[in-house]
Amino acid sequence: MSSRGLYEKILLDHAKNPRNFKVPEVFDVKLEGFNPLCGDQFTFYLVFDGDSIEQVYFHGNGCAVSKASASILTTLLEGKSKREALNIIESFIKIMKTSPNEKIDEDKLGKMAVLVGVREFPVRIKCATLPWHTVEKIIQGETHSVVSTE
Ligand code: ZN
């Protein structure tokens, strides 16, 4: 199987069986993210342990790309320091802004690599980045308004 085919399989698995997809009873902060272009609407819940992210949960509705992206994000940020998490988020958003023809080192990306194919579908890029923008705002301490891609 090509890596692209494998990535699609992993993406679909995350969309069908999203990880950490629930409203937790206990959390420190929550924030809603909304992508009006597609209708993706998720609330993210973070549990901090000092300066580290203990858990990320999310709940809501959205297309397969946004749901899979959110699911992958929650698994990636678990146990990371706030600084590490912001670095991961920044590098992901930066990659998603590059042209699909631009060669990137997929080995370095780890789990994020499965989302890189989304660059070939410009209307879907905001679906993929919405969860990352929303969690970035939470970590930066902005939790008072809805994060919108528009
Ligand atoms: Zn979407």
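Output needed for segment 3-148: three equivalent-ellipsoid semi-axes, defined as square roots of 5 times the C-alpha gyration tensor eigenvalues, in descending order, whole Å.
Gyration-tensor ellipsoid for segment 3-148: 23, 16, 14 Å.
How much mean residue ellipticity at 222 nm does the chain get from its helices, if each DSSP H run of length 4 or more adds -39500 (n - 2.57) and you divide by all residues, to the nearest 500 deg cm²/dmol?
-13500 deg cm²/dmol
Roll a 1.4 angstrom probe over the protein heavy atoms and tell me the percent of accessible area of the chain that is carbon or sulfur.
Taking all protein chains in place, the chain shows 50 percent carbon and sulfur surface.
Leaving out ligands and nucleic acids, and using a 1.4 Å probe, what accessible area per residue does segment 3-148 come to in Å²?
52
Counting other C-beta atoms within 10 Å, and keeping those with at most 12, which DSSP coil trypsin sites (Lys or Arg not before Pro) do you find in segment 54-102?
Numbers: sites: K67, K80, K82, R83, K94, K97; in loops: K80, K97.
Loop-located and lightly packed - K97.
Counting other C-beta atoms within 10 Å, and keeping those with at most 10, which DSSP coil GluC sites (Glu not before Pro) do you find in segment 79-134?
Those that pass, being in a loop and sparsely packed, are E102.
Which value, in debye to the nearest 20, describes the size of the charge dipole of the chain about its Cα centre when Lys and Arg Cβ atoms bear +1, Asp and Glu Cβ atoms bear -1, and nothing else is charged? Please list the in-between numbers first.
On the way: 19 positive and 20 negative charges, 86 e Å.
Rounded to the nearest 20 debye, it is 420 debye.
Step through the table entries K82/K137; K9/K111; K80/K111; K9/K108; K82/K103; K30/K82, compare each Cα-Cα distance with 18 Å, and write down the pairs that go over it.
K9/K108; K82/K103
The values are calculated or read from the model by the stated rules, or taken from the named source; none is laboratory data. It should be emphasised that the depicted structure is a prediction, and the values quoted were computed from it without experimental measurement. Glycine gets a Cβ as well: all are built from the backbone with ideal geometry, and neighbour counts include every protein chain shown. Protein only, heavy atoms only, side chains kept; ligands, DNA and RNA dropped before computing areas. Shrake-Rupley method; radii C 1.70, N 1.55, O 1.52, S 1.80 Å.
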